Amino acid sequence: MLFYTLDIIGTFAFAISGVLVAMQKRMDPFGIFIIAFVTAVGGGTLRDVLIGKTPVGWMNDLNYVYTIAAAVFISIVFRKKLNRLRTSLFLFDTIGLGVFTIIGVEIGISKELHPLICIALGTMSASFGGVIRDILCNEIPVIFRKEIYATACILGGITFFVLQYLNLEVNLIYIFTAAMVISIRLIVVKFRLQLPSFYQK
């Protein structure tokens with residue numbers, strides 16, 4: 001039940017981040033919904049296809065579609081309160097990042113895959129919805145720039161397995177893993193930390 005709740009929370013958070021980007025680009029309501037949709041389920045869809053889980057998750061459970069639609073509706077209605085777009089986008093994107101890292105790792109474990117593959121699935125689940133969103137919005141995806149984004153998911157996945165090795169209770173593993181990913185994102189943005197660049201300024 002907690003796993004499913006986390007999935008819905010992550011879907012809602014990523015959908016809102018997609019809405020905020022689409023509104024920055026001044027898209028119409030249909031465009032806003034499409035961007036919200038691919039942001040929320042794009043990474044999970046790619047993950048499910050790669051592990052041979054078809055139909056993919058959201059096709060078997062309309063609650064995901066309803067969640068995305070609710071996120072779009074709420075974001076549009078309260079757009080003035082969400083007008084601090086940079087702060088709001090960062091907040092919801094970071095929450096989604098933490099939650100979907102856990103989900104991807106757990107799904108990899110359920111398929112009895114190697115821990116490295118599980119971490120890759122977690123990173124993909126968390127990051128690739130944003131990649132599709134950015135491409136559709138004509139932006140260079142965040143994970144392909146200097147910003148520490150996918151790295152936070154990788155460290156979160158490592159944290160998951162370390163805590164599992166220490167035999168912590170599963171709910172605590174979820175909480176600490178999500179907290180690790182979210183904390184890393186908050187720290188790197190606050191202190192403007194970046195990955196090394198090979199290009200001269």
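The values are calculated or read from the model by the stated rules, or taken from the named source; none is laboratory data. This one's a predicted model, so the numbers in the text were calculated from it and none came from an experiment. Don't worry about glycine lacking a Cβ; one is built from the backbone with ideal geometry, like all the others, and counts go over all protein chains shown. Quick note on the areas: whole protein, heavy atoms, side chains included, nothing else; ligands and nucleic acids left out. Shrake-Rupley method; radii C 1.70, N 1.55, O 1.52, S 1.80 Å.
Summary table below
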item	result
Residue in segment 138-151 that is within 19 Å of L195 (Cα to Cα), among the small types (G, A, S) and modelled with pLDDT under 95 present	yes
Subset of segment 171-199 (residues that are among the charged types (D, E, K, R), open to solvent by 80 Å² or more (accessible area, probe 1.4 Å) and under 20 Å from the mean Cα position of the chain (by Cα))	K190
Residue selected from segment 116-137 under the condition open to solvent by 50 Å² or more (accessible area, probe 1.4 Å) and in contact (Cβ under 8 Å) with a residue 60 or more places away in the chain, by the criterion farthest from A22 (Cα to Cα)	F128
Residue under evaluation V19, criteria (1) under 14 Å from S75 (Cα atoms); (2) open to solvent by 10 Å² or more (accessible area, probe 1.4 Å); (3) at pLDDT below 95, criterion not met	(2)
When residues of segment 34-60 are limited to those that are outside any loop (DSSP other than H, G, I, E, B) and among the charged types (D, E, K, R), the one surrounded by the fewest Cβ atoms within 10 Å (Cβ to Cβ)	D48
Cross-chain or 6+ apart pairs with Cβ under 7 Å, segment 172-201 first and assigned to a helix (DSSP H, G or I) and aliphatic (A, V, I, L, M), then open to solvent by 60 Å² or more (accessible area, probe 1.4 Å) and at pLDDT 90 or above	I173/Q164; M180/L155; I184/L155
